[in-house]
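To start, the structure under review is shown below, and the notes come after it.
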Amino acid sequence: MAKILNIQQVAKSFKGGTKKIMVLNDITFEIESGDTFSIVGPSGSGKTTLLGLCAGLDRPDSGTIILCGEDISKLNEDERAGLRNQKVGFVFQDFQLLPTLTALENVAVPLELQGAKNAKSKAMELLDKVGLADRYDHYPSQLSGGEQQRVAVARAFSNNPDILFADEPTGNLDVTTGENVVELLFNLNKELGTTLVIVTHDLELAQKTQKILKLKGGTIVSQESGKQW
Ligand code: ADP
């Protein structure tokens, strides 16, 4: 199977006052195309930082990151943004929907900005797929947390991404609602073949993925197979 992400000896530090704080060190792993993959570890272990590097939101201090065949550690910000628009989707813990736009507009507007034709009908199709056919005209404040996260999932899939990164996607949801959102993500992985990379501190959720990467203090402590869905 082809590798969709290949990370070799990545390190990342941030400035903390006059000091440099090492946040990730000697990170090496690969993700197969179409896999479900989780990154777990205690708070502060570097999960979100690693996800941001994998997705090209930030650059490593050293090491290489090959995402969808491109060495993103060598690309500038515009080039990385271009790759993200074409091939990458994101889901965040706090949904990050625009409060002044309806559910439909939250999905359609990013598509329109990318010059997509039929943005509205594509957005409707996606909202139907996530079970929100009757919520097109609702604003985020009129939707439950689970429904907001479904809109965010529809938006994340709007560019037909090869890989979807989700940062604590169930963190703001109750257990049952969180399970429903996770089931939706796994169904989309099966149906569309989209690689799924999930940061979570929920070990039960991690066990549903094919591979689990454990971080502690910015280094990898283990890479295991999950029990899977
Ligand atoms: P996790 O997601 O596992 O909770 P993070 O990746 O958010 O961990 O953070 C790892 C460490 O990096 C923390 O100590 C955090 O304070 C630090 N950190 C993250 N982002 C920045 C930043 N932009 N500037 C300085 N320190 C940061």
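Every read-out reported here was derived from the displayed coordinates using simple, explicitly stated rules and does not represent laboratory data. Everything numeric here is computed off the predicted structure, so don't read it as measured data. Don't worry about glycine lacking a Cβ; one is built from the backbone with ideal geometry, like all the others, and counts go over all protein chains shown.
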task: Answer with one residue from LEU111, GLY89, ILE21: the one whose Cα lies farthest towards the positive end of the charge dipole of the chain, charges on Cβ with Lys, Arg +1 and Asp, Glu -1.
output: ILE21
- prompt: Helix 77-87 sits at what angle to the longest principal axis of the chain, using alpha carbons and giving 0 to 90 degrees rounded to 10?
  reply: 50 degrees
field: Neighbourhood net charge (11 Å Cβ-Cβ; Lys/Arg +1, Asp/Glu -1) for LYS208
entry: -3
message: If I fit a long axis through the Cα atoms of helix 175-192 and take the longest principal axis of the Cα atoms of the chain, what angle between them do I get, 0 to 90°, rounded to 10?
response: 90 degrees
- line: Measuring from the longest principal axis of the C-alpha atoms of the chain, the long axis of helix 119-129 (C-alpha) lies at a number of degrees, nearest 10, equal to 80 degrees
The range 103-193 - charge dipole about Cα centre, Lys and Arg +1 at Cβ, Asp and Glu -1, debye rounded to 20: 320 debye
- prompt: Given the Cα-Cα distance of TYR139 and GLN8 and 0.36 nm per residue of separation, how much length would full extension add, in nm?
  reply: 42.9 nm
query: What is the dipole size for the range 41-143, taken about its Cα centre, with +1 at each Lys and Arg Cβ and -1 at each Asp and Glu Cβ, in debye to the nearest 20?
result: 180 debye
Scaled radius of gyration (Cα, divided by 2.2 N^0.38 Å) that the chain gives: 1.00
statement: Shape descriptors of the range 95-229 over alpha-carbon atoms, Rg and Dmax in angstrom, are 15.7, 46
- request: Would you mind calculating the relative contact order of the chain from Cα pairs under 8 angstrom and at least 6 residues apart, reporting the percent as a whole number?
  value: 27 percent
message: About the Cα centre, and with charges only on the beta carbon of Lys, Arg (+1) and Asp, Glu (-1), how big is the dipole of the chain? Nearest 20 debye, please.
response: 540 debye
- prompt: Cβ under 10 Å from ILE39's Cβ, ILE39 left aside: what net charge do those residues give with Lys, Arg +1 and Asp, Glu -1?
  reply: +2
message: Quick check: residue separation of GLN96 and HIS201 times 0.36 nm, minus the Cα distance between them. What number comes out in nm?
response: 35.8 nm
